[in-house]
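For reference, the structure discussed in these notes is given below.
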Amino acid sequence: MTVSYATLLAADPARWVDSASAWRRLSRALDDHHDDLAHRLTRQEQVWHGGTAAVAARESGAALVRRLAPAPPALLEVDQLLWRHAERIRLLQRRLAEALSSVHGTAVQVTADGQVSVVVPDAPRPGPPGMAGGHGSVPAGAVGPGGGRGAVLEGVGRGGVQAGAVGWADAATRGGAYGGPLSGRAPGASDVALAVRVSAEIDAVVREARAGDEDIARRLTALAKAAAQAWSGTPVPLPATGAPAEVARWWAGLTEAERAWLVALRPAELGRLDGVPAAVRDRANRELLDRELDRLRDAVAAHPPEPGARQRLTALTGLADRLDQGPTRAYLLRLDPSGDGRLVLALGDPDGSDNVATYVPGVGASLDRFAGEVDRAAAVQARAAALAPDATTATVMWLGYDPPDGVDAMSERAALAARDDLGSFQAGLAAAHEDGPARLSLIGHSYGSLAIGVAEREGTVLADEIVALGSPGMGVDSAADLGHPGHVWASTTSNDIVLYASSKGELALDALGGPAFVLAGSATDAVVRGNADLWHGVDPSSEQFGARVFTTARGTDPFDAHAAYFHEDNPALQSLAEIVTGEHGTGTAP
């Protein structure tokens with residue numbers, strides 16, 4: 001069915017979201033069946049071996065496992081496509097609503113099928129003798145197809161309509177709109193110009209809706225064909241090295257069968273490649289997550305259990321649950337369960353979003369304690385979406401490095417180790433983005449701001465805006481050292497614990513005045529902000545650094561202040577949303 005103005009207005013995006021969730025559940029169920037079959041085959045080999053029947057059973061079972069392996073990621077792709085389609089429909093419907101709203105109080109009328117016209121009031125005509133004048137006739141060529149109480153200037157929109165036949169409220173309920181009575185005034189050039197603009201917008205929106213519908217249909221048809229072939233794939237090597245732009249070109253050159261094979265059988269390697277589309281990385285990393293959960297369950301059940309396995313199992317079970325929560329779809333862009341772990345999670349599709357903000361957490365963040373960091377990214381995404389509903393915004397929680405713990409935060413070592421990976425990730429966002437560049441922002445909290453500063457200091461990290469929150473210093477003396485001073489932002493509340501830390505120069509005074517002297521000096525700095533030197537450089541929120549400073553609220557204590565920048569009632573959260581969406585102004589922190 002061809003998408004029309006009326007069908008677009010009547011569409012309910014929630015139905016696609018619900019359908020997407022159902023396909024995601026089906027993907028998990030099929031994956032569970034795949035895992036169960038694989039386990040049963042392993043047990044079968046232990047108790048039934050030797051002989052023609054045993055060999056045949058083992059080979060046929062193994063073949064079925066191989067055929068099932070690519071299916072769950074493919075079904076997950078249906079989920080992704082339907083989520084994206086729902087978001088596109090929501091935005092297009094909003095554009096139509098704004099177009100209809102613009103004609104209120106004007107001579108422009110939009111019917112339920114999207115026809116646009118300009119209404120001309122009837123001219124008075126003489127009535128019978130002794131009676132007041134009534135409505136006169138108008139030239140036939142100026143009357144709409146149905147006649148009625150008015151006349152229509154045709155040719156400005158998608159065709160003539162019955163003029164004046166419906167009022168604003170009634171028309172709106174049927175997908176149309178009418179500006180309302182004109183009190184006898186003739187429409188002017190502004191009404192005609194408005195009609196032309198509204199007609200053009202309606203046509204553009206309907207064209208985009210049809211194109212989007214055709215694109216989704218094409219992709220779903222391709223998946224159906226792949227299913228008929230049991231998602232059979234061809235082995236393909238991954239690129240050993242290469243910049244994200246080169247990886248993007250490599251991916252674009254693969255066949256659908258090769259892509260399916262990589263997602264199903266090489267998820268760990270594919271899921272971490274910057275430049276591969278976010279939807280593909282999500283499917284690969286969810287497959288990796290499922291495998292790691294299976295491994296951890298076995299590790300917990302072992303005698304003795306693997307050290308740390310239960311804690312990691314709890315964390316990753318929580319991650320699996322989090323991936324299915326919230327009004328915004330999550331994309332798992334990287335998962336590395338080794339050591340303290342690596343986790344990169346996007347809220348919203350970064351490849352199709354107008355704005356993409358990467359949040360880099362600081363000291364103490366790890367895979368086992370990811371939830372609070374994801375909450376912060378989610379807070380920025382939700383506020384940005386509310387602030388700029390006509391645009392799409394994705395936020396990324398980038399735990400693609402190992403933040404330091406405790407006294408290790410005094411070293412730049414972790415920030416230096418993060419430099420190349422952060423730069424590659426940002427370049428990958430640009431390489432995989434669709435339909436022109438996105439607005440890219442980098443938000444660093446605490447030590448995360450140092451990681452951003454070091455990466456930018458040592459090279460060029462792709463970002464339109466850079467934000468430092470509660471920063472211990474960015475490893476530079478001024479915003480000018482980061483390349484674009486007018487696009488560097490900072491905020492540190494006056495009672496943030498980070499301001500109480502001594503600078504390296506102050507620490508040298510320990511030899512003269514003792515620890516008490518340094519503590520007193522640091523506390524004075526924090527209260528009066530008289531000394532902008534922090535451990536890792538000049539305070540980014542100080543005047544001498546040269547960043548654009550915005551307001552934030554004081555915390556109830558220094559530790560609370562350090563964590564409160566993303567709280568719902570903190571003005572800093574609104575400023576972050578404004579920066580991410582480009583709706584920012586300037587402010588001064590208290």
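The values are calculated or read from the model by the stated rules, or taken from the named source; none is laboratory data. Keep in mind that this is a model prediction, so the values were computed, not measured. Reconstructed Cβ throughout: ideal geometry from the backbone, glycine too, with neighbour counts over all protein chains shown. For accessibility, only protein heavy atoms count, side chains too; no ligands or nucleic acids. Shrake-Rupley method; radii C 1.70, N 1.55, O 1.52, S 1.80 Å.
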Inset, instruction - Taking Arg342 as meeting all but one of (1) surrounded by fewer than 22 Cβ atoms within 10 Å (Cβ to Cβ); (2) farther than 19 Å from Gly400 by Cβ; (3) among the charged types (D, E, K, R), write down the number of the exception. - result: (2)
Inset, instruction - Run down Arg334, Arg312 and say which single residue is outside any helix (DSSP H, G or I), out of contact with any Cys (no Cβ under 6 Å at 6 or more places or on another chain) and either within 30 Å of Glu465 (Cα to Cα) or open to solvent by less than 30 Å² (accessible area, probe 1.4 Å) (or both). - result: Arg334
Inset, instruction - Under 6 Å between Cβ atoms, at least 6 apart or on separate chains: pull out the pairs that start in region 532-545 with a residue that is under 18 Å from Val467 (Cβ atoms) and end on any residue that is modelled with pLDDT under 90 and not in a strand (DSSP E or B). - result: Leu534/Ser503; Val538/Ala532; Asp539/Ala532; Ser541/Ala589; Ser542/Ala532
Legend entry - Complete set of residues in region 366-383 that are in contact (Cβ under 8 Å) with a residue 40 or more places away in the chain, farther than 15 Å from Tyr565 by Cα and in contact with a strand residue (DSSP E or B) (Cβ under 8 Å, 6 or more places away or on another chain): Leu367, Phe370
Inset, instruction - Give the residue that is nearest to the chain's Cα centre (by Cα), with candidates limited to residues of region 1-23 that are touching a residue at least 40 places away in the same chain (Cβ under 8 Å) and in a loop (DSSP other than H, G, I, E, B). - result: Ala11
Inset, instruction - Scan (1) farther than 28 Å from Leu270 by Cβ; (2) in contact with a Gly (Cβ under 7 Å, 6 or more places away or on another chain); (3) not charged (D, E, K, R) for the single condition Ala409 breaks and write down its number. - result: (2)
Inset, instruction - Determine which single condition Gln544 fails, assuming it passes every other condition in (1) in a helix (DSSP H, G or I); (2) open to solvent by less than 70 Å² (accessible area, probe 1.4 Å); (3) modelled with pLDDT of 60 or more. - result: (2)
Legend entry - Breaking point among (1) open to solvent by less than 50 Å² (accessible area, probe 1.4 Å); (2) not in a helix (DSSP H, G or I), for His49: (1)
Inset, instruction - Inspect all residues belonging to region 467-477 and state whether any of them is farther than 21 Å from Gly406 by Cβ, part of a strand (DSSP E or B) and open to solvent by less than 10 Å² (accessible area, probe 1.4 Å). - result: yes
Legend entry - Among the residues listed as Glu258, Glu269, the single one being more than 27 Å from Glu87 (Cα to Cα), modelled with pLDDT under 95, within 26 Å of the chain's Cα centre (by Cα) and not small (Gly, Ala, Ser): Glu269
Legend entry - Residues located in region 337-361, provided they are modelled with pLDDT of 95 or more, over 15 Å from Ala431 (Cα atoms) and either out of contact with any strand residue (DSSP E or B) (no Cβ under 8 Å at 6 or more places or on another chain) or in a strand (DSSP E or B) (or both): Arg342, Leu343, Val344, Leu345, Ala346, Leu347, Ala357, Thr358, Tyr359, Val360
Inset, instruction - Quick one: count up the residues across region 561-588 that are open to solvent by 50 Å² or more (accessible area, probe 1.4 Å) and in a helix (DSSP H, G or I). - result: 2
